[in-house]
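Heads up: the structure comes next, in structure tokens.
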Amino acid sequence: MTAIDYPARTPLAPASGVLSDTWYLTGRKLRALARQPMVLAMGVIQPVIWLFLFGEMFHKIIDIPGFGFQGSYLAYLIPGIVAMNAMSGNMWAGMAMIEEIDRGTLNRFLVTPASRLAIMNASVVEQAVSTTIQTLIIVLLGYAGGARYPGGALGIVILVIASVEVGVLWGALSNMTGMLVQVREAIIGVYTFFMLPLMFLSSAFIQPGFLPGWMQAIASRNPLNWEVQIGRSALSADPDWAAIALRAGGLLALAVIAVAISVTTFRKYARNV
Amino acid sequence: MQSVSGGTTPRSASSVGTTSASAIEARGLVKTYPASGKTRVRALDGLTLSVRRGSIFALVGPNGAGKTTTVKILTTLATPDEGAAAIEGIDVIAAPGRARRVIGVVGQRSGADQAATGRENLILQGHLYGLPTKAAKARADELLDRFQLTEAGGRFVRTYSGGMQRRLDVALGLVHKPRVLFLDEPTTGLDPESRAAMWDEITGLATGDEVTVLLTTHYLDEADKLAGSLAIVDKGRVVAEGEPDRLKNELGAESLDEVYLHYAGRRYSDATRVTEVAGR
């Protein structure tokens, strides 16, 4: 046997293991992503179709007295379309998880000393990166279509952060569903069922003031709507920073809770494969 | 077998000796899985075995006999309801993290990342065992060479033939130079040529690398040819254990098939047709 120095990772320093394992496992995911950029682009197509079809079809909506939005209806739609994409893109995370279970890849990682947390972290980082790229694509396509962003670069950064929060929240829920039921159809069913109601019970398409009272009540508690409001305010000429911080904090809390639940589910799963 | 303590408590971590000549010890493993309604399927029903260090040991039995469940418990992927198990004296239930450092596992399903190259798969595996990048790359190239995959090393795994993929799987299990290697049905689905090559490789592991090998198979001839010692598993228990020739001689049997018939009370070929729901 040739002599290779195998450094022992002691239980006293688990943190370094989590970080380095996260780094290497994330690298695996991002390499696959970079090799198939079309997958990311294809994911954006449907939200972008909504953007341009709705933007054109209802472009006069902006003229209704009391609508109160400075800019085109296309620009108005951008934060909602970004939220829609963050949701639809990451609801497939659980499918990838089932795929890795079926192929035996997950088991291969589980019999190594690799940190369990790192395995889940890699999935979260991948979701954050792909959501960021897709959000920027939508922002650019919107700009090409005539949408303007008075909030500037800072506003776009805030929009990206909010979309990542929604993406991670949704990805974690999807992962959890994947591990619990291990049936692809269940994931598709659950998430397509929630998607449209969550979109319409928000200010994605129309100012909340125009919604009936019961819809307004739901919208104000709809995390997807928080993202829409964060994005719209941040992209405007005069952002309401206090409201943005509050809602972004709320989304962050939900995302953290969802990831924590999915990590717990994963640990439980890994104890009895 | 005395060094594994505790017959019934799954968490009995005490006094698992390291001086024993056994690389793998399992005592009284019981594992049930939920089935339809309130019933539970008993995948393992008090399975006990002991594997001598440096030997090739085969677990044989029909589908659903409990082979894969045994491997899952020994490789820290599942915890038994009852019983105790140790690898190289390390209690796998109490100290799974330590056990993972000394075992290599080649699962039934490939597990290699299809969207990455063979070399990338091996390097990542090295990283996960704590190898720094330089050492991980050196080890990857060494293994690619050994398994005749150097040319294919830069190609995506999804382009590999069945035999190549299986060789990569074994290479992945050896990255960290484990002391005990588990091979779960290593030759299932391989063509005769690849199967023969895999047999040579497995023999080489035990003699050249001094690795203890535990393999599962439902081919009796494979166990007969490869294993220094084997255990016939039926309905979650070991019904016969020992050297293949001794098992045959004891009964004056011509083949392991007859040995199986004697101990399990039915023909092996009949048993393999019975599909039981014993874990996934």
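So here's what we get for this one:
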| item | result |
| --- | --- |
| Residues satisfying the stated conditions in the range B:174-189, i.e. buried (at least 20 other Cβ atoms within 10 Å of the Cβ) and more than 11 Å from the chain's Cα centre (by Cα) | B:174, B:175, B:176, B:178, B:187 |
| Residue in the range B:131-170 that is surrounded by the most Cβ atoms within 10 Å (Cβ to Cβ), counting only those that are away from chain A (no Cβ under 11 Å) and among the aromatic types (Phe, Trp, Tyr) | B:147 |
| Selection within the range A:195-236 - touching a residue at least 24 places away in the same chain (Cβ under 8 Å), among the aliphatic types (A, V, I, L, M) and assigned to a helix (DSSP H, G or I) | A:195, A:198, A:199, A:224, A:228, A:230, A:234, A:235 |
| Looking only at the range A:62-95, and only at residues there that are in a helix (DSSP H, G or I) and either polar (S, T, N, Q) or free of Cβ contacts under 8 Å to residues at least 60 places away in the same chain (or both), the one that is farthest from the other protein chains (Cβ to nearest Cβ) | A:63 |
| Selection count where residues are among the small types (Gly, Ala, Ser) and surrounded by fewer than 19 Cβ atoms within 10 Å (Cβ to Cβ), scope the range B:36-54 | 4 |
| Checking residue B:200 against (1) in a strand (DSSP E or B); (2) modelled with pLDDT under 95, the condition it does not meet | (1) |
| Condition met for residue A:24 (under 20 Å from residue B:123 (Cβ atoms), of a type in the set (Ser, Thr, Tyr) and at pLDDT 90 or above) | yes |
| Residue that is nearest to the other protein chains (Cβ to nearest Cβ), among those in the range A:101-146 that are surrounded by fewer than 18 Cβ atoms within 10 Å (Cβ to Cβ) and of a type in the set (Ser, Thr, Tyr) | A:132 |
| Restricting the range B:222-277 to residues that are part of a helix (DSSP H, G or I) and within 11 Å of residue B:61 (Cβ to Cβ), the residue that is modelled with the lowest pLDDT | B:271 |
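The values are calculated or read from the model by the stated rules, or taken from the named source; none is laboratory data. This one's a predicted model, so the numbers in the text were calculated from it and none came from an experiment. A quick note on method: Cβ atoms are made from the backbone with ideal geometry, for glycine too, and the neighbour counts reach across all protein chains shown.
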